[in-house]
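*Asks:* Please see the structure below; I have some questions.
Each reported figure results from applying straightforward, stated rules to the coordinates on display, with no laboratory input. Computed from a predicted structure; not experimentally measured. Don't worry about glycine lacking a Cβ; one is built from the backbone with ideal geometry, like all the others, and counts go over all protein chains shown.
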Amino acid sequence: MKKIFSTSLLFLLISSLIVYGWGDKGHKTIAAFAMKLLPAEMKFTDQFKSAITDHSVDPDNRKRDDKSEGPKHFIDIDYYKEFTDGIVIMSRDSLNKLYDEKVVTKEGILPWATEETFFRLIKAFKEKNKDNVLLYASDLAHYVADGHQPLHATVNYNGQLTSQKGIHFRYESDMFDKYLNVIQNCYEENKPYYVQYIKDYIFDYIVEANDYVEMILSADNYASGKTDGKFDKEYYRLLWFKTKYVTINEINSAALCLSSLIYTAWVDAGKPVMEY
Ligand SMILES: [Zn+2]
């Protein structure tokens, strides 16, 4: 009985740890960077930009009451045999046929959730519905950020397959929070652009994120090797030493992708003039 209790407690603990992509601070940093990049012609006020930044963490909080929300935050893209052979199947229907819908949902539906949110944002702009622009721009902020977290794009999302359990939280929250000031000072000025092929664009950054998984896992091995498996201050200094360029690059890349998608939705809606 005791074992069952501790196992379920552990499961709960792990589930709660892997709930957050980037943690709240990471999500807000990415959203805030993206808001700075948005072109002035869109006329978002500072207050509206702050509201989007604040609400960018809402989709994580929704998971508690909405069971369909969880799979929207990740895709175990390397679960699929075709991916390991260098082929990305972007059609959810095709994957459903090959692997069964239940499996596809279980392995995560982040790219399609992102795409759907993008189309909802276009509709909100077209209808000049300020509340829905806020809702879907904030949701998009969340999903685009999750798509730039390498450990949200792999079947080995918590190092569980390589005896590195807990790396998800150590990387995206513990290390991120410790180096938050440095990350916040690495904002890059970029110009958002029009995105023509939305699904390809989303899959591209997810595939890129997956490319960094091995680097993060090897950084974890390197750091824990130097500290005899202790996750102390020195461990985090070494983990950061090995991952900082990729991390800062992914944060800025997420901000640019997000601002480009919001800008594209606004252009596709006919560049509506709205009061924010
Ligand atoms: Zn998330």
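*Asks:* With only alpha-carbon atoms in the gyration tensor, what are the semi-axes of the equivalent ellipsoid for the range 133-212, in Å, largest first?
*Replies:* 25, 18, 12
*Asks:* Which order do 73, 148 fall in if you start with the one that has the fewest other Cβ atoms within 10 Å?
*Replies:* 73, 148
*Asks:* Hey, another quick one. Assuming R0 = 25 Å, what is the FRET efficiency of residue 161 and residue 197, from their Cβ-Cβ distance, to the nearest 0.05?
*Replies:* Result of the calculation: an efficiency of 0.15.
*Asks:* Also, I was wondering about something else. Using Cβ counts within 10 Å as a stand-in for footprinting exposure, how do 123, 49 rank, fewest first?
*Replies:* Placing the least packed residue first, the sequence is 123, 49.
*Asks:* A follow-up question, please. What is the Cα centroid distance between the range 76-144 and the range 50-65, reported in whole angstrom?
*Replies:* About 17 Å separates the Cα centre of the range 76-144 from the one of the range 50-65.
*Asks:* Indicate the gyration tensor shape class of the range 61-199 (rounded, prolate or oblate), computed on the Cα atoms with a ≥ b ≥ c the square roots of the eigenvalues: a/c under 1.5 is rounded; otherwise a/b larger than b/c is prolate and the rest oblate.
*Replies:* Oblate shape, in that a/c is at least 1.5 and b/c is the bigger or equal ratio.
*Asks:* Let me ask you something else. With n ≥ 4 as the cut-off for DSSP H runs, can you work out [θ] at 222 nm for the chain, using -39500 (n - 2.57) per run divided by the number of residues, rounded to the nearest 500?
*Replies:* When only DSSP H runs of four or more count, the value is -19000 deg cm²/dmol.
*Asks:* Moving on. Modelling each spin label as a point 7 Å along the Cα-to-Cβ direction, I'd like the residue 226/residue 41 distance in nm, to one decimal.
*Replies:* Between residue 226 and residue 41, the simple spin-label model gives 4.8 nm.
*Asks:* In addition: Among all the lysines, which ones have a C-alpha under 30 Å from residue 130's C-alpha, if same-chain residues fewer than 8 places away are not counted?
*Replies:* Leaving aside lysines fewer than 8 places away in the same chain, those within reach of residue 130 are 25, 28, 36, 43, 49, 63, 67, 72, 191, 199, 271.
*Asks:* If all Cα-Cα distances of the chain are sorted into 10 Å bins from 0 onward, what percent lands in each bin, rounded to whole numbers?
*Replies:* 7, 29, 34, 22, 7, 1, 0
*Asks:* Cα axis of helix 23-37 to longest principal axis of the chain: angle in degrees, 0 to 90, nearest 10?
*Replies:* 30
*Asks:* Only Cα pairs within less than 10 Å get springs; with that Gaussian network setup on the chain, which residue of 41, 214, 234 has the largest fluctuation?
*Replies:* 41
*Asks:* Taking the Cα centre of the chain as origin and charging only Cβ (+1 Lys, Arg; -1 Asp, Glu), how large is the dipole, in debye to the nearest 20?
*Replies:* 580
*Asks:* Now a separate question. If neighbour count is taken as other Cβ atoms inside 10 Å, put 22, 266, 112 in order from fewest to most.
*Replies:* In increasing order of surrounding Cβ atoms, one gets 112, 266, 22.
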